[in-house]
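Here is the structure we will look at, set down as structure tokens.
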Amino acid sequence: MNTTAFTEEILAELQRTLSLIDDREAEKLAADMLQAKKIFVAGGGRSGFMAKSFVMRMMHMGLDAYVVGETVTPNLEADDLFIVGSGSGETQSLAAMTQKAKSIGATVAAITTNPESTIGGLADIAITIPAQAKADGKSGKSIQPMGSLFEQSLLVFYDALILRFMENKGLESDKMYGRHANLE
């Protein structure tokens, strides 16, 4: 298979996978984004990079959003939303954060391949992305290595949440440039 054919298969995998997300749970998350005082997003490894991209877009929209673990991240409170992306739903550091967020009283949203996981079980909102997790390299769900399909799906889903938020608030993309970095 050549590079273009691989690209086409990756796009087909994304289409199949993302079409299986439960829209009711996605709409709950979109609604909670509108109500949250602050939004915190966590993820490990490549899922963490997707979280950073998501938080950047929320900042562009004027939301009070943070990446967990950054030095400028404030404290989480009961009126806040904690979103955690974890393919396995069992990453210990993320499970501990999720438990802490739950104990504080924040709304917890998990985005995972495994809703029956520790993190999925703690969530108020559970979004299942039925993709291959990194430890599941023989499932046949993806031609891609490790958790690539989950991580790509996570980014696309996060971008869809941004579009839904913009629609709900009547925001246009050009308004976001006023908050874009200017020290580049």
Exercise. In the stretch 29-48, what residues are in contact with a strand residue (DSSP E or B) (Cβ under 8 Å, 6 or more places away or on another chain) and under 16 Å from Phe150 (Cα atoms)?
Worked result: Ala42, Gly43, Ser47, Gly48
For this session: Report those helices (runs of 4 or more DSSP H) wholly inside the stretch 1-105 carrying at least 3 residues which are free of Cβ contacts under 8 Å to residues at least 40 places away in the same chain, within 19 Å of Glu116 (Cβ to Cβ) and of a type outside the set (Val, Ile, Thr).
Result: 92-104
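Residue under question is Gln132, and the condition is that it be of a type outside the set (A, V, I, L, M), assigned to a loop (DSSP other than H, G, I, E, B) and either modelled with pLDDT of 90 or more or under 18 Å from the mean Cα position of the chain (by Cα) (or both); does it hold? Walk me through it before giving the result.
Numbers: of a type outside the set (A, V, I, L, M): yes; assigned to a loop (DSSP other than H, G, I, E, B): yes; either modelled with pLDDT of 90 or more or under 18 Å from the mean Cα position of the chain (by Cα) (or both): yes.
Criteria met by Gln132.
State whether one or more residues within the stretch 81-88 are surrounded by fewer than 19 Cβ atoms within 10 Å (Cβ to Cβ) and closer than 19 Å to Leu29 by Cβ. Give the steps one after another, and end with the answer.
Our first condition is that a residue be surrounded by fewer than 19 Cβ atoms within 10 Å (Cβ to Cβ); within the stretch 81-88, this holds for none.
There is no residue in the stretch 81-88 that is surrounded by fewer than 19 Cβ atoms within 10 Å (Cβ to Cβ) and closer than 19 Å to Leu29 by Cβ.
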Problem set entry | Enumeration of residues in the stretch 89-113 that are surrounded by fewer than 21 Cβ atoms within 10 Å (Cβ to Cβ) and polar (S, T, N, Q) | Gln92, Ser93, Gln99, Ser103
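Here are some residues: Val68, Val108, Val84. Which one is more than 28 Å from Arg16 (Cα to Cα), at pLDDT 95 or above and touching a helix residue (DSSP H, G or I) at 6+ places or on another chain (Cβ under 8 Å)? Don't jump to the end; show me each part of the working.
Working: Val108 fails: more than 28 Å from Arg16 (Cα to Cα); Val84 fails: more than 28 Å from Arg16 (Cα to Cα).
Being more than 28 Å from Arg16 (Cα to Cα), at pLDDT 95 or above and touching a helix residue (DSSP H, G or I) at 6+ places or on another chain (Cβ under 8 Å) holds for just one of Val68, Val108, Val84, which is Val68.
Which of the residues belonging to the stretch 54-78 are among the small types (Gly, Ala, Ser) and touching an Asp or Glu at 6+ places or on another chain (Cβ under 8 Å)? Can you show your working first?
Applying the first criterion (among the small types (Gly, Ala, Ser)) to the stretch 54-78 yields 62, 65, 69, 78.
Once the filter is applied, which keeps residues that are among the small types (Gly, Ala, Ser) and touching an Asp or Glu at 6+ places or on another chain (Cβ under 8 Å), the stretch 54-78 yields nothing.
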Exercise. Taking into account only those residues within the stretch 72-94 that are of a type in the set (A, V, I, L, M) and under 15 Å from the mean Cα position of the chain (by Cα), which is farthest from Met58 (Cα to Cα)?
Worked result: Leu94
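For (1) touching a helix residue (DSSP H, G or I) at 6+ places or on another chain (Cβ under 9 Å); (2) surrounded by 22 or more Cβ atoms within 10 Å (Cβ to Cβ), each residue gets a yes or a no:
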{"residue": "Phe6", "(1), (2)": "no, no"}
{"residue": "Glu9", "(1), (2)": "no, no"}
{"residue": "Leu14", "(1), (2)": "yes, no"}
{"residue": "Leu20", "(1), (2)": "no, no"}
{"residue": "Ser47", "(1), (2)": "yes, yes"}
{"residue": "Arg57", "(1), (2)": "yes, no"}
{"residue": "Leu63", "(1), (2)": "yes, no"}
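The values are calculated or read from the model by the stated rules, or taken from the named source; none is laboratory data. Because the structure is predicted, anything quoted here is derived from the model rather than measured. Because the Cβ atoms are built from the backbone with ideal geometry, glycine has one as well, and the counts that use them run over all protein chains shown.
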